[in-house]
Each structure stands twice: as structure tokens, then as C-alpha cells.
Amino acid sequence: MRTADAPRDLKDERDLLAQRLLALSDEIISTVETFEAFPQQAQATRALNFEQWNTVQASLASLRREGIEVRALERHKPELKRQ
């Protein structure tokens, strides 16, 4: 696990962000494992929604309010294939 020096008054926020990122990672891994087990469902899926996404975004927003320069997570859309 990586560690970073955070200001003492932001240690709790740093730890919470780390916990939330791990939870999001676990959620993504579970989704991948489900799709591997049910490939037909993966092909029919048009979008994914991760519950932990919002908690990570909230942690990042909290850090920005404290003056820490962090970017929000960005959504990525697949390129549309035109026929």
C-alpha cells in the first residue's frame, strides 16, 4: 500500500479517501468477475453504475474544500462506432 504525507489536520480525510478507493476497487473487481461468469450479460450492458463512485467523489470534494488540489474522477464513454 502506498503512503503519502498528509497534513496532520487532514489525516482522517486521507484515510477515509483510501478506504473509499479500496471499496470502489473491490466493487469494480466484483463486476468484472460477474461479467466473466456471465459473458452474455456483459455484452448486453450499456452502462455501469458503481455505488462507491459517489463516496469517492465526496471525499475528493471535501479535500478540495480544504484547499487540496485534487481532480474529481472522470467518466469515460466508449467511442461510438459509426456504420
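Quick notes on this structure:
- Ranking of Val56, Val70 by neighbouring Cβ atoms within 10 Å, starting from the fewest: Val70, Val56.
- Placing a pseudo-label 7 Å from each Cα along the Cα-to-Cβ vector at Asp12 and Thr45 gives an inter-label distance of 3.5 nm.
- Here the dipole of the chain is about 440 debye; that uses its Cα centre as origin and unit charges on the Cβ of Lys and Arg (positive) and Asp and Glu (negative).
- Across the range 10-80, the relative contact order, built from alpha-carbon pairs under 8 Å that are at least six residues apart, equals 36 percent.
- Available extension along the chain between Gln57 and Glu33 is 6.2 nm, counting 0.36 nm per residue and deducting the alpha carbon span.
- Shown here is the pair-distance distribution of the chain: with all Cα-Cα distances grouped in 5 Å bins from zero up to the longest one, the shares run 3, 12, 18, 19, 16, 11, 9, 7, 4, 1, 0, 0 percent.
- Only DSSP H runs of four or more residues enter the estimate; each adds -39500 (n - 2.57), and after division by the residues of the chain the mean residue ellipticity at 222 nm equals -19000 deg cm²/dmol.
Read the figures in this text as sums done on the coordinates, not as results from a lab. Every value quoted in this text rests on a predicted model; they were computed, and no experiment measured them. Positions of Cβ are backbone-derived with ideal geometry, glycine not excepted, and every protein chain shown enters the neighbour counts.
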